[in-house]
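Enquirer: Dropping the structure in here first, questions after.
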Amino acid sequence: MKLTTTALALVMLSTASIAKAGHEWGYNFPMGPAQWGSLEGYSACSVGAAQSPVAIETGLNADITNVRVNDQLPALQPDLSDVNSRAVFNGHTVQAPLTGTKFSFGGSEYSAAQYHFHSPSEHELNEKQYPLEAHFVHQSAAGKLLVMGVFFEEGAMNPALEETFKSMNEGELRISMNDLFPRDLSYVTYQGSLTTPPCSEGVTWIVLKTPVEASRQQLGLLQKITGGPNNRPIQSLNGRDLTTDSL
């Protein structure tokens, strides 16, 4: 990614300014994931029984599986049209708003709200943790949340990821959402929670099983901005069902 030294310095300065303003939680002791549940208003992070992220096992490794096939699951049809957006660092991650796009799943219609990133990935697939995971957050008219998770692996430069990070310094840029999703939209779905405080439950998760490519430099940029990893550790399934449209 061709961020100049000056541009990266501006991003880092923004990071420092936000950190000085004070945040009630973070990713390191004494306000890291292990302490979230003891912070005021965030008890669900420690006592919730349906927390995210989780480890997904489809049977690829040594026939270990915690996923069952449900051939009644609908095929995904996310809105992959071009959008105008501008990413910001919010103190915890790089996030960009999404407006005007709709997504239907499980009999409900959701409006896209924003997408953001975690490095390394929060979910694991077949004992693999990817270097980056994007979360596409959607909300229904009734306030129900649905989040789509997309893994990134090292490969070719990703144009949409490039534009997303460049927009932090260069203003609004048109982004092709096709470059942020794989062609194979097979997925695993389950009921979980937000992966950040307040760790609210009742979130429908859709995790795509096929990763998207991004360059090594792109995959490393998020942690340069955040100052280190920003992923929550794996949470217990506690008997929850994980289902997939196909193995």
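Enquirer: Roughly what would the spin-label model give for Glu153 and Gln223, points 7 Å off Cα along C-beta, in nm?
Expert: Distance between the two pseudo-spin positions: 1.9 nm.
Enquirer: Over the range 202-247, with the other protein chains present, what is the accessible area per residue in square angstrom, probe 1.4 angstrom? Before the final figure, lay out each step's value.
Expert: Working: 1880 Å² over 46 residues.
Per-residue value: 41 Å².
Enquirer: How big is the convex hull of the Cα atoms of the range 125-215, per residue, in Å³?
Expert: Working: hull volume 12.5 nm³, N = 91.
Looking at the range 125-215, the number lands at 138 Å³ per residue.
Enquirer: Would you compute, from DSSP H runs of 4+ residues alone, the mean residue ellipticity of the chain at 222 nm, taking -39500 (n - 2.57) per run and dividing by the full residue count, rounded to the nearest 500? Mind dumping the intermediate values first?
Expert: Working: 5 runs with 48 residues, N = 247.
For the chain, the value works out to -5500 deg cm²/dmol.
Enquirer: Now for a different question. Quote to one decimal, in nm, the extra length available between Glu24 and Asp63 on full extension: 0.36 nm per residue of separation minus the C-alpha distance between them.
Expert: Numbers: separation 39, 0.36 × 39 = 14.04 nm, distance 4.19 nm.
Answer, rounded to one decimal: 9.9 nm.
Enquirer: Roll a 1.4 Å probe over the protein heavy atoms and report the accessible area of Val83 in Å², nearest 10.
Expert: Accessible surface of Val83 is approximately 10 Å².
Enquirer: What is the set of long-range amide H partners of Gln114 at a cut-off below 5 Å, with H atoms built 1.01 Å from backbone N?
Expert: HN-HN under 5 Å from Gln114: Leu98, Val137.
Enquirer: Using the Cα centre of the chain as origin and beta-carbon charges of +1 (Lys, Arg) and -1 (Asp, Glu), tell me which of Pro78, Gln235, Ala44 is placed farthest towards the positive end of the dipole.
Expert: Towards the positive end, the residue furthest out is Ala44.
Enquirer: Grab the beta carbon distance between Asn238 and Arg183, set R0 = 41 Å, and tell me the FRET efficiency rounded to 0.05.
Expert: On the way: r = 34 Å, r/R0 = 0.82.
My answer for the efficiency is 0.75.
Enquirer: While we're here: Residue by residue, what Karplus-based ³J(HN,Hα) values in Hz, rounded to whole numbers, does the range 41-49 have, using 6.51, -1.76 and 1.60 with θ = phi - 60° and x for Gly and Pro?
Expert: With coefficients 6.51, -1.76 and 1.60, one gets x, 10, 4, 4, 5, 10, 9, x, 9 Hz.
Enquirer: Ignoring ligands, DNA and RNA, what percent of the 1.4 Å accessible area of the chain is carbon and sulfur? Walk me through the intermediate numbers first.
Expert: On the way: 5810 of 11460 Å².
Using a 1.4 Å probe with all protein chains present, the chain comes out at 51 percent carbon and sulfur.
Enquirer: I would also like to ask the following. When a/c reaches 1.5 or more, the comparison of a/b and b/c decides; with that in mind, is the range 25-68 rounded, prolate or oblate per its Cα gyration tensor? Let's see the in-between values first.
Expert: Numbers: a/c = 5.19, a/b = 2.45, b/c = 2.11.
Judged from the Cα gyration tensor, the range 25-68 comes out prolate (a/c at least 1.5, a/b above b/c).
Enquirer: Of the candidates Leu194, Leu132, Leu173, which one comes out as most mobile in a Gaussian network treatment of the chain with C-alpha springs shorter than 10 Å?
Expert: Ranking Leu194, Leu132, Leu173 by mean-square fluctuation puts Leu173 first.
Enquirer: Still on this structure, please answer the following. Would you mind classifying the range 63-114 by shape? Square roots of the alpha carbon gyration tensor eigenvalues, ordered a ≥ b ≥ c; an a/c under 1.5 is rounded, otherwise it is prolate if a/b is larger than b/c and oblate if not. Please report the intermediate quantities before stating the final value.
Expert: On the way: a/c = 3.11, a/b = 1.57, b/c = 1.98.
Oblate.
Enquirer: Give the peptides 93-103, 64-74, 147-157 in descending order of average Cβ contacts within 10 Å, highest first. Could you put the intermediate results ahead of the total?
Expert: Working: 93-103: 16.7, 64-74: 13.2, 147-157: 19.4.
Highest-to-lowest ranking by the protection proxy: 147-157, 93-103, 64-74.
Enquirer: While we're on this one: Give the average over all directions of the projected area of the C-alpha convex hull of the range 89-247, one decimal, in nm². Intermediate results must be reported in sequence, preceding the final value.
Expert: On the way: hull surface 38.8 nm².
Across all orientations, the range 89-247 yields a mean hull projection of 9.7 nm².
Enquirer: Counting only DSSP beta bridges with both residues in the range 36-134, tell me the antiparallel percent, nearest 5.
Expert: Values: 13 of 15 bridges.
Around 85 percent of the beta bridges assigned by DSSP in the range 36-134 are antiparallel ones.
Enquirer: Follow-up. Please compute P(r) over all alpha-carbon pairs of the range 42-134, binned at 10 Å starting from zero, and give each bin as a whole-number percent.
Expert: So the P(r) values, bin by bin, are 12, 26, 43, 17, 1.
Enquirer: If you don't mind, there's one more thing I want to ask. What is the gain in length, in nm to one decimal, between Glu201 and Ser246 on full extension, counting 0.36 nm per residue of separation less the C-alpha to C-alpha distance? Could the numbers behind the result be given before it?
Expert: Working: separation 45, 0.36 × 45 = 16.20 nm, distance 2.58 nm.
Answer, rounded to one decimal: 13.6 nm.
Enquirer: Then there is this: Starting from the Kirkwood Rh over alpha-carbon pairs, what translational D in µm² s⁻¹ does the range 162-247 have by Stokes-Einstein at 4 °C and 1.567 mPa s?
Expert: On the way: Rh = 15.9 Å.
The estimated diffusion coefficient comes to 82 µm²/s.
Enquirer: Please identify which residues in the range 85-121 have an amide N closer than 17 Å to a label point set 7 Å out from the Cα of Glu172, following the Cα→Cβ vector.
Expert: 85-88, 96-101, 113-115
Enquirer: Next question. Under a point spin-label approximation (7 Å from Cα along Cα-to-Cβ), what is the Val47-Asp82 distance to one decimal in nm?
Expert: Using points 7 Å along Cα→Cβ, the separation is 5.1 nm.
Enquirer: Taking only the alpha carbons of the range 24-179, what extent do you get along each of the three principal axes, in Å, biggest first?
Expert: 44, 41, 39 Å, listed from the longest principal axis down.
The values are calculated or read from the model by the stated rules, or taken from the named source; none is laboratory data. This one's a predicted model, so the numbers in the text were calculated from it and none came from an experiment. FYI the Cβ positions are ideal-geometry reconstructions off the backbone, even for glycines, and counts take in every protein chain you see. SASA here: full protein model, heavy atoms, side chains in, ligands and nucleic acids out. Shrake-Rupley method; radii C 1.70, N 1.55, O 1.52, S 1.80 Å.
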